[in-house]
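Peer 1: Got a structure here, written out as structure tokens. Questions coming.
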Amino acid sequence: MSEFASPRAVFQRLIDGVTARRLEVLPQLYAEDAVVVHPFAEPASRLEGRAALREHFARNFARLETLSVEMAARNVVVHETADPEVIIAEFEYAGRNAGTGREFVVPNIFVLRVRNGHIVESRDYAHHGAFEEAMA
């Protein structure tokens with residue numbers, strides 16, 4: 001596996017793509033049959049496949065654009081595991097809702113499985129309540 005395709009490198013491309021809103025790049029980071037679960041969302045969500053992920057990113061980016069939200073990933077810590085395909089990443093999305101002037105910090109923990117340079121499964125534990133509050 002090349003460094004470019006390592007779980008750590010794919011994760012970095014993921015958070016860079018989210019913060020820069022690179023809709024054309026993000027779905028390609030995932031396997032065709034990838035599964036992404038958001039256990040802390042209300043209600044919990046499960047996305048299956050690139051098409052669902054593309055729609056998920058497009059919907060969320062449109063909302064961020066409408067609300068003039070800028071954000072960055074910070075305090076990123078990546079933990080290697082005994083399984084070379086799996087990493088655990090801790091980080092925060094920090095930003096500002098320009099429409100309200102409200103600043104926000106959303107803590108996240110992602111558990112990613114990357115195979116052949118693509119995310120095949122992810123459990124994204126985000127503080128969705130903090131994000132919703134920032135968007136209000």
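FYI, it's all coordinate maths here, none of it is from the lab. The structure displayed is predicted, hence computed values, not measured ones. Please note: Cβ atoms are built from the backbone with ideal geometry, for glycine as well, and neighbour counts cover all protein chains shown.
Peer 1: Take every Cα pair under 8 Å in the chain that's 6+ residues apart, average their separations, divide by the length, and report that relative contact order as a whole percent.
Peer 2: So the answer I get is 27 percent.
Peer 1: For the chain, what proportion of DSSP beta bridges, expressed in % and rounded to the nearest 5, is antiparallel?
Peer 2: If we restrict to bridges inside the chain, about 90 percent are antiparallel.
Peer 1: Related question: Choose one answer from Asn75, Asn97, Asn108: the residue with the largest mean-square fluctuation in a GNM of the chain with alpha-carbon springs under 10 Å.
Peer 2: Its mean-square fluctuation being the largest, the pick is Asn75.
Peer 1: For the range 5-73, what does the convex hull of the Cα positions come to per residue, in cubic angstrom?
Peer 2: It is 101 Å³ per residue.
Peer 1: Could you work out how far the C-alpha centroid of the range 122-136 sits from that of the range 20-70, in angstrom?
Peer 2: With the range 122-136 and the range 20-70 each reduced to a Cα centre, they are spaced 13 Å.
Peer 1: With N set to the residue count of the range 3-135, report its C-alpha Rg divided by 2.2 N^0.38 Å to two decimal places.
Peer 2: The reported ratio for this selection is 1.01.
Peer 1: Where does each of Met135, Met71 land when they are ranked from fewest to most other beta-carbon atoms within 10 angstrom?
Peer 2: Fewest-to-most Cβ neighbours within 10 Å comes out as Met135, Met71.
Peer 1: Per 10 Å bin, what is the whole-percent P(r) computed from every C-alpha pair distance within the range 79-129?
Peer 2: Answer for the range 79-129: a P(r) of 23, 39, 23, 13, 2 percent.
Peer 1: What net charge is computed for the residues neighbouring Val78, neighbours being all others with C-beta under 9 Å from the C-beta of Val78, Lys and Arg scored +1, Asp and Glu -1?
Peer 2: -1
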